[in-house]
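Everything below concerns the one structure shown next.
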Amino acid sequence: MAVSRHPAPASRRPSPDAAAPKPAPRPRSAAARLALATEIQRRLAEAYPDAHCELDHRNAFELAVATVLSAQCTDKRVNMVTPELFRRWPTPATLAEASLEEIEDVIRSTGFYRNKAKSIQGLARALVTDHGGEVPAAMDALVVLPGIGRKTANVVLGNAFGMNEGVVVDTHVARLSARFGLTRETDAVRIERALMPLFARETWAQLSHLLIWHGRRVCDARRPRCGDCLLNDICPSATL
Ligand code: SF4
């Protein structure tokens, strides 16, 4: 295996921290970072061959709405409200005409429900007005829609359209990228820019799933389970 770990002495090694991702020491060269990234991806792909988007959806519209609802909320919770949401308003046209109060009632348990209701109705109206009721399959058209930032656009493009336009950087991807020492950036767009050259473009959408799955199952924000982690011999943040 071509990856060397270059561990710092235990006393100086940063411990993984919960809230904000603390960048680990970066591998010394770009080539070393690339080798580390490649090995991480190889191992995670082997460990999680079925990694996929955990937001239930049947089409691009449902995925876009579910992703908006997933802000500050678990996918599991979102999946509990979307069946009723899409039963009552299955299309952009129907959601565009719905009562805001009724939307709020259905999505209340996802938190920030007033803003989210406005966002998803604004999104539905923009889709009807500007895109004939369809979700556009283009980054520049998506990111100007209400409630849709680059992260949501990447989720939709990668999972509903099979396009690798970028890397989804959510809290898990940001935290793991920092712990791996792949970037010292803290802004999501800058993290994405740092990750893109380290991984083959055709794997970007799947890469996000792998990192998110590992973050949820092993590399927890507060209590990373380094002792059980399949990356603990190459991860510069491992605490064993
Ligand atoms: S060894 Fe694994 S669990 Fe520990 S910080 Fe690294 S990736 Fe996370």
Hey, SER177 hits all of (1) modelled with pLDDT under 95; (2) farther than 28 Å from GLU84 by Cβ; (3) crowded, with 20+ Cβ neighbours inside 10 Å but one; which does it fall short on?
(1)
Condition check for LEU182: closer than 12 Å to ALA37 by Cα and in contact with a Phe, Trp or Tyr (Cβ under 6 Å, 6 or more places away or on another chain):
no
Checking PHE86, PHE112 in turn, the sole residue that is farther than 28 Å from MET196 by Cβ and either surrounded by fewer than 21 Cβ atoms within 10 Å (Cβ to Cβ) or at pLDDT below 95 (or both) turns out to be PHE112
Report those helices (runs of 4 or more DSSP H) wholly inside the range 69-108 carrying at least 2 residues which are of a type in the set (S, T, N, Q).
75-88
Can you confirm whether ASP233 is within 16 Å of the ligand (Cβ to nearest atom) and without any contact (Cβ under 8 Å) to a residue 12 or more places away in the chain?
no
Which condition from (1) assigned by TED's automatic domain parsing to the domain that holds ASP75; (2) within 16 Å of the ligand (Cβ to nearest atom); (3) of a type in the set (A, V, I, L, M, F, W, C) is the one that LEU123 breaks?
(2)
Take ALA153 and decide whether it is free of Cβ contacts under 8 Å to residues at least 24 places away in the same chain and within 17 Å of ALA51 (Cβ to Cβ).
no
Among the helices (runs of 4 or more DSSP H) lying completely within the range 125-240, list those that include at least 1 residues that are over 30 Å from SER99 (Cα atoms) and under 17 Å from the mean Cα position of the chain (by Cα).
150-160, 171-179, 188-195, 204-217
Has the range 207-221 got at least one residue that is within 8 Å of the ligand (Cβ to nearest atom), touching a helix residue (DSSP H, G or I) at 6+ places or on another chain (Cβ under 6 Å) and of a type in the set (A, V, I, L, M, F, W, C)?
yes
Would you please list the contacts, defined by Cβ atoms under 8 Å and residues six or more apart or on different chains, that run from a residue in the range 90-112 that is under 22 Å from VAL135 (Cα atoms) to a residue that is part of a helix (DSSP H, G or I) and of a type in the set (D, E, K, R)?
PRO92/ARG125; THR94/ARG88; ALA96/ARG125; ALA98/ARG88; LEU100/LYS118; ILE107/LYS116
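The values are calculated or read from the model by the stated rules, or taken from the named source; none is laboratory data. Predicted model only: the values in this text are computed from it and were never measured. Quick reminder, even Gly has a Cβ in these numbers, built from the backbone with ideal geometry, and neighbours come from all protein chains shown.
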